[in-house]
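J.: This is the structure I have questions about; it appears just below.
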Amino acid sequence: MSNAMPGEAVTSFSVDQDVDESPVNTQEKNVTDFDKESFNMPLNGEYEPSPSERVRRQVELYEATNGAEGGTQNGKPVIVLTSQGAKSGKIRKIPLMRIEHNGVYAVVASHAGAPKNPFWYYNLVANPLVELQDGSVKHEMRAREVFDQEKDEWWKRADAAYSEFPNYRAHAGREIPLFLIEPVPA
């Protein structure tokens, strides 16, 4: 089901997605040695890794190598988005497709075309302060759901970044949310 090339990591779009459970290629790295306590986040709270081993391992690999490994999905670059759980208040991390324009990022709550939003959608609605890691660079940012013309403009960028998004919209049976991830004003 995956189009990943040898040596590429594979991830889903949400921690609760039940597709493509192929393992992440760690390329002999021991990602369990990653020191989560040394990660300096703007968000406060206990970090709870994803229940999906594949997603959890990809996030650990991405962070341990600053995106040099674990940084692609089907040959396309990803970012790691850190948010605070809407219900638990715990820190959550998810790799998502990299869609960037002029320092603003977009994340698509496609859930690979599933009929329900991914859990991280509710985290961003409840707690819009996030951290976004793009390779070795970490940004404190704020999530904002977009609508109408602004959403249409960003769908063009999202579709150009990842060609599966139109298929996901066709099969979801719901309006797929799209968020802009923007710098926090100083």
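The values are calculated or read from the model by the stated rules, or taken from the named source; none is laboratory data. None of these values were measured; they are calculated from a predicted model. Don't worry about glycine lacking a Cβ; one is built from the backbone with ideal geometry, like all the others, and counts go over all protein chains shown. These area figures cover heavy atoms from the full protein model, side chains too; ligands, DNA and RNA do not enter into them. Shrake-Rupley method; radii C 1.70, N 1.55, O 1.52, S 1.80 Å.
J.: So, in the stretch 75-88, of the ones that are over 14 Å from the mean Cα position of the chain (by Cα) and over 13 Å from residue 49 (Cα atoms), which residue ends up most open to solvent (accessible area, probe 1.4 Å)?
T.: Step by step, filter the stretch 75-88, then rank; the result is 87.
J.: I've got another one for you. Which is closer than 18 Å to residue 76 by Cα and modelled with pLDDT of 95 or more, of 135, 173? Break it down into steps so the answer makes sense when it comes.
T.: Working: 173 fails: closer than 18 Å to residue 76 by Cα.
That would be 135, the only listed residue that is closer than 18 Å to residue 76 by Cα and modelled with pLDDT of 95 or more.
J.: Let me ask something additional. Give 7, 67 a once-over and let me know the one that is closer than 11 Å to residue 95 by Cα and either part of a loop (DSSP other than H, G, I, E, B) or modelled with pLDDT of 50 or more (or both). Don't jump to the end; show me each part of the working.
T.: Numbers: 7 fails: closer than 11 Å to residue 95 by Cα.
Of the residues listed, the single one that is closer than 11 Å to residue 95 by Cα and either part of a loop (DSSP other than H, G, I, E, B) or modelled with pLDDT of 50 or more (or both) is 67.
J.: If you take the residues of the stretch 107-118 that are surrounded by fewer than 24 Cβ atoms within 10 Å (Cβ to Cβ) and touching a Lys or Arg at 6+ places or on another chain (Cβ under 8 Å), which of them is farthest from residue 180 (Cα to Cα)?
T.: Applying the filter and picking the extreme gives 115.
J.: Checking residue 49 against (1) in contact (Cβ under 8 Å) with a residue 60 or more places away in the chain; (2) buried (at least 17 other Cβ atoms within 10 Å of the Cβ); (3) in a loop (DSSP other than H, G, I, E, B); (4) not hydroxyl-bearing (Ser, Thr, Tyr), which single condition isn't satisfied?
T.: Answer for residue 49: the failing condition is (1).
J.: May I pose another question? Somewhere in the stretch 126-143, is a residue over 14 Å from the mean Cα position of the chain (by Cα), at positive phi and acidic (Asp, Glu)?
T.: no
J.: Within the stretch 139-161, does at least one residue satisfy the condition of being closer than 23 Å to residue 67 by Cβ, among the small types (Gly, Ala, Ser), free of Cβ contacts under 8 Å to residues at least 60 places away in the same chain and open to solvent by 30 Å² or more (accessible area, probe 1.4 Å)?
T.: Yes: the stretch 139-161 contains one or more residues that are closer than 23 Å to residue 67 by Cβ, among the small types (Gly, Ala, Ser), free of Cβ contacts under 8 Å to residues at least 60 places away in the same chain and open to solvent by 30 Å² or more (accessible area, probe 1.4 Å).
J.: For the stretch 145-154, check the following and say yes or no: at least one residue is within 16 Å of the chain's Cα centre (by Cα) and among the aromatic types (Phe, Trp, Tyr).
T.: no
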